[in-house]
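Right, one structure below, let's go through it.
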Amino acid sequence: MNDRILRAAVVGVGHLGRHHARILASVAGATLTAVVDTNGPRAPDIAESLGARAFTNVRDILGEVDLVSIAAPTEVHAEIATLCLGRRIPVLVEKPLARTVGEADAIIAAAEKAGVVLAVGHTERFNPAVMAARPAVNNPGFVEVHRLGTFPERSLDIDVVFDLMIHDLDLVLSMVDSEVTSIEAVGVPVLTDRADIANARIKFASGCVANITASRISRDRTRKIRFFQRDAYISIDCGSREAEVYRLVRYPDRRPAIEGGRIEVPDSEPLRNELQDFVDAVRFGRAPLVGGIDGRRAVALAAEITERMAAVVRA
């Protein structure tokens, strides 16, 4: 299919989906054909601005498109994804892949049966700062993460673990090559009936410990992740898209010295990188950078953290 321009559709063109539509209208190898949204005039407005057709029911596009990006609420991810995959249409599902591990498994099974691409929208994997610093991360011993944001008017169907922390759960799982052995977690509902701020302390078989804090009720936005490992420190600011790497350099004739600083980070948009990877995976018949199994691992860990938080409340 690599010589074809693929017809793309976006399902759900709210806060994030409209950016999916904007990018798919101009990404290499694809063209935006359709947008689907059940919310009043939203789909026609976005479609008209981008030269696409508007629909209110995803079933109406199934024979008209070559790939679908799903940015609808999490509660309908499994329903929409399995419907599209059942018609052998490759899909990208925004994070989290699903509400539960069972739903994630159903999506993965549908993709495997259809033999088509299933990608998951863990956008921070495509953050240029993360991509630039990733080669420096090697067997970290401690990871410190802070993802703090202001109160949103969206994603309130899920708690802060599935809304925000899941970004960093996916990053940590992809950069710490070891199995999780234990989890301690606490979460507090403040402005909603779900946890709005949470902290998880995750231990790995390698001995690494990750301390992850996520909040959607903070005054300022912070998106930082820091790795501490033997003779090195790596700091990534996902918000400003900057990264620093410091190393302990040993010399035979003088004392060791700490050397390093800010590293070069290409100027690119994470969501555009993600969608280009998805389109290329479909065009060239390869696996996406973030696939269904990655999405499932993040959902499973998020579910465990949520259960630990509930256990603390019950105690």
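Values in this text are rule-based calculations from the coordinates and carry no lab data. Everything numeric here is computed off the predicted structure, so don't read it as measured data. As a convention, Cβ positions derive from the backbone with ideal geometry for all residues, glycine included, and neighbour counts pool all protein chains shown.
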#### Entry: Residue in the range 240-263 that is surrounded by fewer than 18 Cβ atoms within 10 Å (Cβ to Cβ) and within 19 Å of Leu169 (Cα to Cα) present
no
### Query
Do we have Thr82 as buried (at least 16 other Cβ atoms within 10 Å of the Cβ), without any contact (Cβ under 8 Å) to a residue 40 or more places away in the chain and polar (S, T, N, Q) here?
yes
### Task
Looking for whichever is crowded, with 20+ Cβ neighbours inside 10 Å and in contact (Cβ under 8 Å) with a residue 40 or more places away in the chain here; the options are Arg230, Arg226, Arg296. Which one fits?
Arg296
### Task
Within the range 96-117, track down each residue that is surrounded by 20 or more Cβ atoms within 10 Å (Cβ to Cβ), out of contact with any strand residue (DSSP E or B) (no Cβ under 6 Å at 6 or more places or on another chain) and outside any loop (DSSP other than H, G, I, E, B).
Glu103, Ala104, Ile107, Ile108, Ala110
### Task
Being under 26 Å from the mean Cα position of the chain (by Cα) and among the polar types (S, T, N, Q) is the filter; apply it to the range 31-55 and report the residue that is surrounded by the most Cβ atoms within 10 Å (Cβ to Cβ).
Thr33
